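S.K.: Can you keep this structure in mind? I'll have questions shortly.
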Amino acid sequence: MSQKDKKVESLVNMGFPEDEAKMAVTRCGPDASVDVLVDFIYASQTAVDGYTGNLSDLEDNSNGGRKKRRFMQGNRKKRKRFGDEAQGGRGIFDGSHDVPMPLPNPMVGFGLPNQRWRVEKTHVPLKSAWNQVVQYQKVHRHGKNFECPKCLYFGMEGVPTQAIGPPFFYYENVALAPKGVWTTISRFLYDIQPEFVDSKFFCAAARKRGYIHNLPIENRSPLLPLPPKKIRDTFPHTKKWWPPWDPREQLNCIQTCVASAKLLDRIRVALANCGNPPPPTVQKYVLEECRKWNLVWVGRHQVAPLEPHEMECLLGFPMDHTRGICRTERYRSLGNSFQVDTVAYHLSVLRDMFPQGMNVLSLFSGIGGAEVALHRLGIRMKTVVSVEKSKVNRTVLKNWWDETQTGTLIEIDDVQILTAEKIEWYVRRIGGFDLVIGGSPCNNLTGSNRHHRDGLEGEHSALFYHYFRILDSVKSAMEGM
């Protein structure tokens, strides 16, 4: 298949008509990036006969049913520059590739637990908003036309109108992505400013992530008890062996693989062949490897990688959550998962909004980080439609679900087969989704091999566009209820 045909196929899989996809690739060239091609199609659509309204008004349904919105619809709103606005205040991002997405330092998002943080006020008090959500649920489920207050679906001034739900949505990916990636993600997700958070403020390991969502950001609350934030408090057995010349108090980001036995032996030999303390050159070598591979001290002259159950602890999962699959798969699955305490802090605003439980569409579910977070918050999941390609991950999630939940788990093995028609069927069947949550693969966004850091053009990371396609289809289907 030629590069041109691959680009056309990719656009068609994202929901664009084939003729428009072919025209975009012909005009822009087969080397054009996907987001450039999408912008071209979008511009062409909005220019049809000088029409600048909602393109769904132009699209007929051949089955005689209600008209459906296109994948990219409506005019692009006039945007404000992100400028120098602090991360503590929510705003709209400009969406320009010319300006790199600013990353805050420290990476604390819109505020941390027990920290007073300046944020914009909601339209109405959240307590009143929550009461209206209950009314919304009751009326909306019976098909009546009830206008849910806008503040419920973003909680902050400045979030674009098209981001207002239902449903709530929550998207996650690595913060340190190649240039332009977060700008593109933000542009597709209604120009919402990402919330960048390092999980070192929630546990003893760093995990820099960006989150785009339309959740309120007031009245958040952390999971209790608060996890320790230092290595030796998290793993007390390491204190006995931790040398004074190793200054680490927190681990680096959890990875999908661990150090080899040969490396561990080289470190042991290097330490055994010198005095105590070892010379600066040996200290430097050992510390570099310990930081790179997240090694902890387990004996005299002996370091070791984290065990899978120790990773589960750092990431907020119950002990033995991944037990039952091979060790290599456990490391891979945990390295690609949510940090549960961080995500639960953001989702905690939903606890009082949905006292009777929620319906959740979980995309790229992995081993169930979102589901575990909701469970630990005490939020009942009535129905979860989980989309996850890995059979191993689906097994982990299904085992946990059967042991802890009473609701319904529906499993789908690929986001690409979740069509608009299937989404509409699920929406009618369960009465709509209250939350769409997930984080598409980061394989092409991070890692030491820069040759594979293709951004959103990469084979795996391009699946982000399906997150937006599916979210847009859910919003469209729920508008017709």
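The values are calculated or read from the model by the stated rules, or taken from the named source; none is laboratory data. This one's a predicted model, so the numbers in the text were calculated from it and none came from an experiment. FYI the Cβ positions are ideal-geometry reconstructions off the backbone, even for glycines, and counts take in every protein chain you see. Only protein heavy atoms, including side chains, enter the accessible area calculation; ligands, DNA and RNA are left aside. Shrake-Rupley method; radii C 1.70, N 1.55, O 1.52, S 1.80 Å.
S.K.: How many residues are over 12 Å from residue 382 (Cβ atoms) and either in contact with a strand residue (DSSP E or B) (Cβ under 8 Å, 6 or more places away or on another chain) or at pLDDT 95 or above (or both) if we restrict to the range 404-418?
M.R.: 7
S.K.: Also, I was wondering about something else. Test of understanding: among 256, 238, which residue is under 25 Å from residue 376 (Cβ atoms) and among the polar types (S, T, N, Q)? If you could, list the steps in order and put the result at the bottom.
M.R.: Numbers: 238 fails: under 25 Å from residue 376 (Cβ atoms).
Matching residue, one of 256, 238: 256.
S.K.: OK, next. Every residue in the range 198-212 that is in contact with a Pro (Cβ under 9 Å, 6 or more places away or on another chain) and either of a type in the set (A, V, I, L, M) or farther than 30 Å from residue 298 by Cβ (or both), please.
M.R.: Scanning the range 198-212 gives 204, 210, 211, 212.
S.K.: I want to confirm something. Restricting to the range 304-320 and keeping residues that are of a type in the set (A, V, I, L, M) and in a loop (DSSP other than H, G, I, E, B), which single residue is surrounded by the most Cβ atoms within 10 Å (Cβ to Cβ)?
M.R.: Of the residues in the range 304-320, the ones of a type in the set (A, V, I, L, M) are 304, 306, 311, 314-315, 319.
Right, trim to in a loop (DSSP other than H, G, I, E, B) and you get 306, 319.
Values: 306: 22, 319: 11.
Restricting to residues being of a type in the set (A, V, I, L, M) and in a loop (DSSP other than H, G, I, E, B), the top hit is 306.
S.K.: Also, I was wondering about something else. Would you check which residues across the range 156-195 are under 20 Å from residue 334 (Cβ atoms) and either of a type in the set (Val, Ile, Thr) or assigned to a loop (DSSP other than H, G, I, E, B) (or both) and list them?
M.R.: 174, 175, 176
S.K.: Of everything in the range 345-382 that's of a type in the set (Phe, Trp, Tyr) and in contact with a helix residue (DSSP H, G or I) (Cβ under 8 Å, 6 or more places away or on another chain), which residue is nearest to residue 461 (Cα to Cα)?
M.R.: Going through the qualifying residues, I end up with 364.
S.K.: What's the number of the condition residue 191 fails, among (1) at pLDDT 50 or above; (2) under 20 Å from residue 343 (Cα atoms); (3) of a type outside the set (A, V, I, L, M); (4) open to solvent by less than 50 Å² (accessible area, probe 1.4 Å)?
M.R.: Condition not satisfied by residue 191: (2).
S.K.: Test residue 229 against the criterion of being among the basic types (Lys, Arg) and farther than 22 Å from residue 328 by Cβ, and give yes or no.
M.R.: Values: among the basic types (Lys, Arg): yes; farther than 22 Å from residue 328 by Cβ: yes.
So residue 229 passes the test.
S.K.: Return the residue satisfying two criteria in turn: it lies in the range 419-470 and is small (Gly, Ala, Ser) and closer than 25 Å to residue 12 by Cβ, and of such residues it is modelled with the lowest pLDDT.
M.R.: Within the range 419-470, the match that is modelled with the lowest pLDDT is 458.
S.K.: Let me ask something additional. Go through (1) surrounded by fewer than 18 Cβ atoms within 10 Å (Cβ to Cβ); (2) under 16 Å from residue 470 (Cβ atoms) and name the single condition residue 412 misses.
M.R.: Tallying (1) surrounded by fewer than 18 Cβ atoms within 10 Å (Cβ to Cβ); (2) under 16 Å from residue 470 (Cβ atoms), residue 412 fails exactly one: (1).
S.K.: Another question about this same structure. Please go through the range 12-27 and give me each residue that is open to solvent by less than 50 Å² (accessible area, probe 1.4 Å) and modelled with pLDDT of 70 or more, ordered by number. If you could, list the steps in order and put the result at the bottom.
M.R.: Here is the first cut: in the range 12-27, the residues open to solvent by less than 50 Å² (accessible area, probe 1.4 Å) are 14-17, 20-21, 24-25.
The answer is 16, 17, 20, 21, 24, 25.
S.K.: Return the residue satisfying two criteria in turn: it lies in the range 321-341 and is within 17 Å of the chain's Cα centre (by Cα) and hydrophobic (A, V, I, L, M, F, W, C), and of such residues it is surrounded by the most Cβ atoms within 10 Å (Cβ to Cβ).
M.R.: Here the answer is 340.
Quick grid of which residues meet (1) without any contact (Cβ under 8 Å) to a residue 40 or more places away in the chain; (2) closer than 25 Å to residue 103 by Cβ; (3) in contact with a strand residue (DSSP E or B) (Cβ under 8 Å, 6 or more places away or on another chain):
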position	(1), (2), (3)
163	no, yes, yes
174	no, yes, yes
192	no, yes, yes
205	no, yes, yes
211	no, yes, yes
234	no, no, no
255	no, yes, no
264	no, no, yes
268	yes, no, yes
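S.K.: Filter the range 274-303 down to the residues that are modelled with pLDDT under 95 and exposed (fewer than 11 other Cβ atoms within 10 Å of the Cβ) and list them by number.
M.R.: The answer is 275, 276.
S.K.: Search the range 194-226 for residues being out of contact with any Lys or Arg (no Cβ under 9 Å at 6 or more places or on another chain) and charged (D, E, K, R), and hand back the single one that is surrounded by the most Cβ atoms within 10 Å (Cβ to Cβ).
M.R.: Looking at residues that are out of contact with any Lys or Arg (no Cβ under 9 Å at 6 or more places or on another chain) and charged (D, E, K, R), I get 209.
S.K.: Considering only the range 263-283, I want to know if a residue exists there that is closer than 27 Å to residue 208 by Cβ and charged (D, E, K, R).
M.R.: Among the residues of the range 263-283, not one is closer than 27 Å to residue 208 by Cβ and charged (D, E, K, R), which makes the answer no.
S.K.: Another one. Which residues, taken from the range 144-176, are open to solvent by 30 Å² or more (accessible area, probe 1.4 Å), at pLDDT 75 or above and of a type in the set (A, V, I, L, M, F, W, C)?
M.R.: Selection gives 176 alone.
S.K.: Next up: What number goes with the only condition from (1) out of contact with any helix residue (DSSP H, G or I) (no Cβ under 8 Å at 6 or more places or on another chain); (2) crowded, with 20+ Cβ neighbours inside 10 Å; (3) more than 21 Å from residue 463 (Cα to Cα); (4) among the charged types (D, E, K, R) that residue 394 does not pass?
M.R.: Status for residue 394: all satisfied but (3).
S.K.: Continuing with this model, one more query. What is the residue count in the range 342-385 for residues that are small (Gly, Ala, Ser), open to solvent by 10 Å² or more (accessible area, probe 1.4 Å) and farther than 17 Å from residue 397 by Cα?
M.R.: 1
S.K.: Is it the case that some residue within the range 248-270 is more than 20 Å from residue 334 (Cβ to Cβ), open to solvent by 10 Å² or more (accessible area, probe 1.4 Å) and among the hydroxyl-bearing types (Ser, Thr, Tyr)?
M.R.: Among the residues of the range 248-270, not one is more than 20 Å from residue 334 (Cβ to Cβ), open to solvent by 10 Å² or more (accessible area, probe 1.4 Å) and among the hydroxyl-bearing types (Ser, Thr, Tyr), which makes the answer no.
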